[in-house]
1. Mind counting the residues in the stretch 171-212 that are within 16 Å of the ligand (Cβ to nearest atom), open to solvent by 10 Å² or more (accessible area, probe 1.4 Å) and among the aliphatic types (A, V, I, L, M)?
2. Going through the stretch 213-262 one residue at a time, which ones are under 18 Å from the mean Cα position of the chain (by Cα), open to solvent by less than 30 Å² (accessible area, probe 1.4 Å) and among the charged types (D, E, K, R)?
3. Please determine whether any residue of the stretch 1-23 is among the polar types (S, T, N, Q), in contact with a helix residue (DSSP H, G or I) (Cβ under 8 Å, 6 or more places away or on another chain) and open to solvent by 30 Å² or more (accessible area, probe 1.4 Å).
4. Among the helices (runs of 4 or more DSSP H) contained in the stretch 41-132, which hold 3 or more residues that are within 16 Å of the ligand (Cβ to nearest atom)?
5. Please state which of the following conditions Asp108 fails to meet, knowing it meets all the rest: (1) of a type outside the set (A, V, I, L, M, F, W, C); (2) open to solvent by less than 40 Å² (accessible area, probe 1.4 Å); (3) modelled with pLDDT under 95.
6. I need the full set of residues from the stretch 307-348 which are at positive phi and surrounded by fewer than 24 Cβ atoms within 10 Å (Cβ to Cβ), in order please.
7. Return the total of residues in the stretch 263-278 being open to solvent by less than 20 Å² (accessible area, probe 1.4 Å) and without any contact (Cβ under 8 Å) to a residue 60 or more places away in the chain.
8. I'm trying to understand the selection: among the residues of the stretch 71-95, which are under 20 Å from Gly156 (Cβ atoms), open to solvent by 10 Å² or more (accessible area, probe 1.4 Å) and aliphatic (A, V, I, L, M)?
Amino acid sequence: MHPTDRVRACDRSSIRVLFDLAEEVGGDLVRLEVGEPDFETPAHVTEAAVAAAERGDTGYTSNAGLPTLRAAVADTLTGEYEDDDILVTTGGMEALHLAALCVLAPGDELLVPTPTWPNYRTQARLADAEPVEVPMPYPYDLEADRLIERMGPDTGAVVLCTPSNPTGRVFDETAVRAVVEAARDHDAYVIADEVYASLTYDHDHTATAALVDESEHVLTVGSCSKTYAMTGWRVGWLAGESTVVDEATKVRESTTACAPTLAQHAAIAALTGPQEPAEKMQAAFRERRDYVADRLEQMDGVTAPCPEGAFYAFLDPAGYEDSMQLAKRLVREAGVVLAPGSGFGAAGEGKLRLSFANSRDRIEAGLDRLERAL
Ligand code: PLP
């Protein structure tokens, strides 16, 4: 007896491997490997959850989530979706997992432009589908033709993560539109992972579903995690046509049943309350982005496209082939923790992801250590 091949085929996240190593090594390390805001959740958001707890609002909600929250999410999605099209999930992760389960048949292919977030591979495998990496060349923008050429009768869905984790790039609208239209022609879904949508630095982000007239095959995933510094509250959403969202609402009854009730109240406050705290965090990320981009540009032997969104820089320290080995050496010998690029697909091998979700001082110290070590 042993666990199934399905789960054994899933990889461990390389970010987690470095996280664990950093915990083991301990001491004075600069931690730039994890992707979560270093800010506290805004006070009015926490207070809304406390108030809900004090009123005794601590039971299950409906599978789909609190109606006020579904309406608030629909409002943030620029009119592309109605309240009924929204399923409130336990973080964006559950939304992505449910989307994969609902639209990928066993053996279907999930196309992922890489380098990209590793979880899509696992989510495809849990649906007995096949993740297919489609590498995007430096500077990792979406080259629609490469993705469209790979579409075929087995394509069940395509994931577009923009702004991108790990590259920080924001995909060009024309390229996204071309992919969305081609996916429709192939009878495939587009899973638009927009959890970083509010974090763009050079231009506003346009929702993928808003780029085409017919967007029934576009499933949009969002989250409170990154925008409102709410990673631990676990509130996200899946938005899409009712045929998919109704099935997702049904099957999640067997996993989480609903997103945590107190967290849903917090999310209502986050989405409908004052936006100044979120705007302040965004401004801080922009300053850090400017600093990181500047430093990397001046660093000998390092190339990195300028991050246009999210809070990551993806750097190529020329001459290193094994990014896991390099990242481990940087922890042990230089005291700086970065995520190995190989975890983001074969296209990421030899590269490193630096998260600037840390204070300016720590980022500066980390970049100093990195520069000396390289
Ligand atoms: N999508 C991307 C690209 C992410 O980086 C993350 C978290 O790191 C998520 C989705 C899911 O985040 P959460 O489940 O906290 O909403």
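The values are calculated or read from the model by the stated rules, or taken from the named source; none is laboratory data. Computed from a predicted model, the values in this text were never measured in an experiment. Cβ atoms come from the backbone with ideal geometry, glycine included; neighbour counts cover every protein chain shown. Just the protein is used for accessible areas: all its heavy atoms, side chains included, with ligands, DNA and RNA removed. Shrake-Rupley method; radii C 1.70, N 1.55, O 1.52, S 1.80 Å.
1. So the count comes out to 3.
2. none
3. Of all residues in the stretch 1-23, those among the polar types (S, T, N, Q) come to 4, 13-14.
Filter again for in contact with a helix residue (DSSP H, G or I) (Cβ under 8 Å, 6 or more places away or on another chain), leaving 13-14.
Applying the additional criterion that residues be open to solvent by 30 Å² or more (accessible area, probe 1.4 Å) yields 13.
Within the stretch 1-23 (the criterion being among the polar types (S, T, N, Q), in contact with a helix residue (DSSP H, G or I) (Cβ under 8 Å, 6 or more places away or on another chain) and open to solvent by 30 Å² or more (accessible area, probe 1.4 Å)), the answer is yes, since at least one residue qualifies.
4. Where helices (runs of 4 or more DSSP H) fall fully within the stretch 41-132 and carry at least 3 residues being within 16 Å of the ligand (Cβ to nearest atom), they are 67-76, 91-103, 119-126.
5. (3) is the only condition that Asp108 fails.
6. The initial filter retains those residues of the stretch 307-348 that are at positive phi, namely 310, 319, 335, 345.
Listed by number, the residues that qualify are Gly319, Gly335, Gly345.
7. Of the residues in that region, 0 qualify.
8. The answer is Met93, and nothing else.
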